[in-house]
1. Return the residues of region 129-176 that are under 30 Å from residue 296 (Cβ atoms) and touching a Lys or Arg at 6+ places or on another chain (Cβ under 7 Å); say none if nothing qualifies.
2. Taking only region 147-165 into account, find how many residues are part of a loop (DSSP other than H, G, I, E, B) and crowded, with 22+ Cβ neighbours inside 10 Å.
3. Just the residues that are modelled with pLDDT under 95 and either β-branched (Val, Ile, Thr) or assigned to a helix (DSSP H, G or I) (or both), please, taken from region 49-72.
4. Which condition breaks for residue 19 when tested against (1) assigned by TED's automatic domain parsing to the domain that holds residue 361; (2) hydrophobic (A, V, I, L, M, F, W, C); (3) over 19 Å from residue 192 (Cα atoms)?
5. In region 5-49, how many residues are without any contact (Cβ under 8 Å) to a residue 12 or more places away in the chain and closer than 13 Å to residue 201 by Cβ?
6. Test residue 354 against the criterion of being assigned by TED's automatic domain parsing to the domain that holds residue 25, touching a residue at least 40 places away in the same chain (Cβ under 8 Å), assigned to a loop (DSSP other than H, G, I, E, B) and not hydroxyl-bearing (Ser, Thr, Tyr), and give yes or no.
7. Considering only residues that are in a helix (DSSP H, G or I) and either closer than 30 Å to residue 254 by Cα or out of contact with any Phe, Trp or Tyr (no Cβ under 9 Å at 6 or more places or on another chain) (or both), which ones fall in region 105-137?
8. From the list 272, 278, which residue is out of contact with any helix residue (DSSP H, G or I) (no Cβ under 9 Å at 6 or more places or on another chain) and more than 21 Å from residue 49 (Cα to Cα)?
Amino acid sequence: MVKAETVIVGAGVVGASIAYHLTERGAKDVLVIDRARGPGYGSTGRATGGVRAQFETAINIDLSLYSLGFFDECDFDCRYEPRGYLFFATDDAQLDYLKRNVEFQKSRGVREVALVDPQTIAEICPILECSDITGGSFGARDGFIDPLAVMRGFSSGARARGAEIRYETIGLFIETANGRVTGIETNKGRIECENIVLATGAWAHELARTVGIDLPVTPQRRQIVWAKSKKTLPENLPMVIDIGSGFHFRPARDFFDPAANADNTEVLFAYPDPAERPSFNVDFDEAFIEKVYEKARHRSPFLYETEVVREKCRAGLYENTPDHHAILGGCALGGLYFANGFSGHGVMHSPATGRALAEIILDGRASFLDVSCLSFDRFAKGELLHETAFI
């Protein structure tokens, strides 16, 4: 029989970060299991790698500030590029929302974030049609990372300090006794353990249900169009987001082959399709291409004239919660912990998440940052959070 003190279910960037931070604190008996055949085949390998501190809620801002600092200073290369995030508004109500956010973000310690007028927006993004834009916000420290590089860095660090990672290992159900977890049954046999961390993304709901817990995490497909332009993209093009529709675009980066876009002509663009229903479907739908290009027709003729690179278009899963905020921490069942429901922000918040879970498991609470508002019991208490800029 296999034994481990702590089993982390999910070897993506979140699970790897938890293992990294646990072993950094001296935990030796850490086992990470994952259903995929190898690293990068789950949600982490399908992520776009955006990172930002421009959020509406204090907890998301604080998670981002810690994580951005980590990406900038960590002991492995995350390929962090502070290109910026540009949010733009097309009516007064949207602009007022961005104004309130910028003031609040500054009060939480966000640096280099500011309101920008239409003329400045046109300078930041010259391929944008700005005739109906009323203003926006720009965070210069926001930008991009390589999700696979982050995951590999966390995994390598955890392994170097004694953690083990096993792939093609599916968690089937959790075993308990006397109000505590005692083990987990997998397709490869039983693992006896004292702690289990569910970091298995959209699949967390099913595993939690095996111990009678209704974890409010719902899978939803999110699709991305990859395209190539005949012209070079503007230098230092940031992430650009229409706050009204959620339509957004950014320079494309092939994380499996970093040298693939050396000519700076490839771009990603997408939007949150309201017709998308909850499912585990990760097949790319050709019909989505037409929808996205219709969004681009007015907003950026430059994008509208690009050619689709179909073999690089992709779909992945968001793991959504009812309030689009993560679930971090323990629950009434002793030894069971959650790191789920990131609603698209798992990669960018992975450093803070890993440290928070490590402190909660080892110390009983996260001391570097109060994450108690993200506890599982907020749903039963009706203490949901609110974030409008959900992309």
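The values are calculated or read from the model by the stated rules, or taken from the named source; none is laboratory data. Predicted model only: the values in this text are computed from it and were never measured. Every residue, glycine as well, gets a Cβ built from its backbone with ideal geometry; the counts of neighbours run over all protein chains shown.
1. Result: 129, 139, 141, 142, 143, 144, 145, 146, 149.
2. Residues of region 147-165 that are part of a loop (DSSP other than H, G, I, E, B), as a first pass: 161-163.
Still in the list and also crowded, with 22+ Cβ neighbours inside 10 Å: 163.
Residues that pass the stated criteria total 1.
3. Of everything in region 49-72, just one residue is modelled with pLDDT under 95 and either β-branched (Val, Ile, Thr) or assigned to a helix (DSSP H, G or I) (or both), namely 72.
4. The one condition residue 19 does not meet is (3).
5. The number of residues fulfilling the criteria is 1.
6. Working: assigned by TED's automatic domain parsing to the domain that holds residue 25: yes; touching a residue at least 40 places away in the same chain (Cβ under 8 Å): yes; assigned to a loop (DSSP other than H, G, I, E, B): no; not hydroxyl-bearing (Ser, Thr, Tyr): yes.
When the stated conditions are applied, residue 354 does not pass them.
7. Matches in region 105-137: 106, 107, 119, 120, 121, 122, 123, 124.
8. Numbers: 272 fails: more than 21 Å from residue 49 (Cα to Cα).
Result of the check over 272, 278: 278.
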